[in-house]
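Comments concern the structure below.
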Amino acid sequence: MTSLIVGPDQHERCGWVGDDAEYRRYHDDEWGTPLHGDRALFEKMALEGFQAGLSWITVLRKRPRFREVFQGFAPERVAEFDESDVERLMADAGIIRNRAKIEATIGNARIVRSMAEGELDELMWSFAPTPGIRPASFADVPAVTSDSAAMSKELRRRGFRFVGPTTMYALMQSTGMVDDHMVGCWRA
């Protein structure tokens, strides 16, 4: 995979975009853009957890259905889900049907519901590193950092699940806590 590709609009983009229009839209409009708010960050946490072991494009294509069946990822609503909701979700081919991930999302919503408003946002952003040198190639982009490991450790200490250090680094990238757009990318 090359570090940069040229899209149909002649913009140079991070090479992971490939030629997929949905990836291009996600890269251009969302990835690496600072995201705040407990609900928005809870959604990212949940979707990054569902992505573990899969490609992000799989989650991205299923995201509209995820949002629908998880009631907009409103933590207070998801926290009320019970076993019948787990079974309903397990039967829904429009999402990733993994019982452990579904149950973790519900459990994580219960933790967020117990937090003060803005606390999840403040907690997660407290691990955002000082901006560093922009990566020149994929070899310069880590899978895990000390910051993502520390975020993972603290979230796990609080009872969150599916928040490993690699998953949290992906979350940090997608929410703009770190900016890993390649040197030369038009979004850099």
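The values are calculated or read from the model by the stated rules, or taken from the named source; none is laboratory data. Quick caveat: nothing in here was measured; it's all calculated off a predicted structure. Neighbour counts run over all protein chains shown; Cβ positions are idealised from the backbone, glycine included. Quick note on the areas: whole protein, heavy atoms, side chains included, nothing else; ligands and nucleic acids left out. Shrake-Rupley method; radii C 1.70, N 1.55, O 1.52, S 1.80 Å.
How far, in degrees from 0 to 90, does helix 99-114 lean away from the longest principal axis of the Cα atoms of the chain, to the nearest 10?
The angle comes out at about 80 degrees.
Cβ under 11 Å from residue 51's Cβ, residue 51 left aside: what net charge do those residues give with Lys, Arg +1 and Asp, Glu -1?
Details: positive: 44, 62, 63, 101; negative: 48.
Within the 11 Å Cβ shell, the charges total +3.
Determine, from the Cβ-Cβ distance of residue 114 and residue 6 and an R0 of 41 Å, the FRET efficiency 1/(1 + (r/R0)^6), rounded to the nearest 0.05.
The pair residue 114/residue 6 has a calculated efficiency of 0.30.
Counting other C-beta atoms within 10 Å, and keeping those with at most 14, which DSSP coil GluC sites (Glu not before Pro) do you find in segment 97-173? Can you show the working numbers first?
On the way: sites: 103, 117, 119, 122, 154; in loops: 117.
Loop-located and lightly packed - 117.
Kindly sort 77, 161 by accessible area of their heavy atoms, largest first, with the probe set to 1.4 Å. Walk me through the numbers before you get to the answer.
Numbers: 77 130, 161 110 Å².
From most exposed to least exposed: 77, 161.
Run the helix sum for the chain: -39,500 (n - 2.57) per DSSP H stretch of 4+ residues, divided by residue count, reported at 222 nm to the nearest 500 deg cm²/dmol. Can you show the working numbers first?
On the way: 9 runs with 94 residues, N = 188.
Mean residue ellipticity, 222 nm, calculated: -15000 deg cm²/dmol.
Order these peptides, 42-51, 88-97, by their mean beta-carbon neighbour count within 10 angstrom, highest first. Intermediate values should be presented prior to the final figure.
On the way: 42-51: 23.3, 88-97: 14.9.
Ranked by mean Cβ neighbours within 10 Å, highest first: 42-51, 88-97.
From the residues 78, 36, 10, which one has its Cα farthest along the dipole of segment 1-86 in the positive direction, the dipole being from +1 and -1 charges on Cβ of Lys/Arg and Asp/Glu about the Cα centre?
The one lying farthest along the dipole's positive direction is 10.
I need the P(r) histogram for segment 49-147: all alpha carbon pairs, bin width 5 Å from 0 out to the longest distance, whole percents.
2, 11, 17, 19, 16, 15, 11, 6, 2, 0
With each label point set 7 Å from Cα along the Cα-Cβ vector, what nm distance links residue 91 and residue 40?
The modelled label-to-label distance comes out at 3.6 nm.
Once label points are set 7 Å from the Cα along Cα→Cβ at both residue 61 and residue 134, what is their separation, rounded to one decimal in nm?
Result for the modelled spin labels: 3.1 nm.
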